[in-house]
Amino acid sequence: MKCQTPCVLFICLLLINCKTQKKESIEIDNELINEVTQEVVKTPKSDAQIDPIAHATAVLSWKEKTIYIDPAGGYKAFEGKNPPNIVLITDIHGDHMNIDTLDSLNLSQAEIVVPQAVAEKLPASYTERLVIINNGEIKEVQGIPIEAIPMYNLREEALKFHKKGRGNGYIITLGKERIYFSGDTEDIPEMRNLKYIDKAFVCMNLPYTMTVESAADAVLEFKPKQVYPYHYRGSNGLSDVTVFKKIVAKNPEIEVIQLDWYPDIP
Ligand SMILES: [Zn+2]
């Protein structure tokens, strides 16, 4: 019993010492992480400007070229933008192939890149502008290589939404930069196996595509330099893209870029 006070004192001193050391090492770790993060997350030099229009729809500007991805939302959504030289359409659904919007736009200079299934649904007035490209093919359009990547569902209950072979994701090569638009897909092996992607636009909504967790897991595997969550409005509102960002942060070399894809939602 006599030794109780010195023993307690000794243990207290030991604990305080451990705590201080732990705090210091956490601070050092944080500093290191910050340094490493600042080092690797430098935005790669890019000549491409990307404007989100809404949901799956974007406008890409590169040198003198303007590329519309899945134009939807009517002509007003494109006010102030140059008319497109190239239009890419991924699939037959209205948020990707929107005939009313196509009819309302100035497509007088445009070539329209589509999978066969979209070509079959577009009115004959578009036929002469179409460049048909199917999964796995690469075509050069106005000097820009465009590769069609498969997009489809994997979950049994979602197979009805996007069947393999119908729609196209795309890799657009602008100079040295490879930009990937996933289209509506799950974390398919063809996505996980992608290489050397600079910017990846990845969908994540339920029930139509995939969870934020599946999207993040695939992104950690194919490691684009930058990833843009897009197409994340589902039947129960917007997916939680902050969870996506948190999971992708496991690899500090991948930068997550959040654009405003839903300007109508406050
Ligand atoms: Zn969609």
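The values are calculated or read from the model by the stated rules, or taken from the named source; none is laboratory data. Values in this document were obtained by computation on a predicted structure and should not be read as measured data. Positions of Cβ are generated from backbone atoms using ideal geometry, with glycine treated the same way; all protein chains shown enter the neighbour counts.
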May I ask you to list the residues in the stretch 72-97 that are within 13 Å of the ligand (Cβ to nearest atom) and buried (at least 21 other Cβ atoms within 10 Å of the Cβ)?
A72, I89, T90, D91, H96, M97
Which numbered condition I172 fails, given (1) of a type in the set (V, I, T); (2) crowded, with 22+ Cβ neighbours inside 10 Å; (3) within 16 Å of the ligand (Cβ to nearest atom)
(3)
Considering the stretch 212-245, residues that are more than 19 Å from I257 (Cβ to Cβ) and part of a loop (DSSP other than H, G, I, E, B), and then whichever is farthest from the ligand (Cβ to nearest atom), we arrive at N236
Going through N134, N106 one at a time, which residue ends up being more than 20 Å from the chain's Cα centre (by Cα) and farther than 18 Å from L194 by Cα?
N106
Against the definition (in a strand (DSSP E or B) and closer than 22 Å to F201 by Cα), how does V118 come out, yes or no?
no
Every residue from the stretch 63-87 that is among the small types (G, A, S) and assigned to a loop (DSSP other than H, G, I, E, B)
A72, G73, G74, G80
Looking only at the stretch 181-211, which residues are more than 16 Å from the ligand (Cβ to nearest atom), in contact with a Phe, Trp or Tyr (Cβ under 9 Å, 6 or more places away or on another chain) and either among the aliphatic types (A, V, I, L, M) or under 22 Å from S46 (Cβ atoms) (or both)?
L194, K195, I197, D198, K199, A200
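Would you check if there is a residue in the stretch 114-135 being more than 16 Å from the ligand (Cβ to nearest atom), of a type in the set (A, V, I, L, M) and under 21 Å from P52 (Cβ atoms)?
no
One line per residue, one yes/no per condition, for (1) in contact with a strand residue (DSSP E or B) (Cβ under 6 Å, 6 or more places away or on another chain); (2) surrounded by 20 or more Cβ atoms within 10 Å (Cβ to Cβ); (3) modelled with pLDDT of 95 or more:
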residue	(1), (2), (3)
K199	yes, yes, yes
V212	no, yes, yes
K223	no, no, yes
Q226	yes, no, yes
L238	no, no, yes
D264	no, no, no
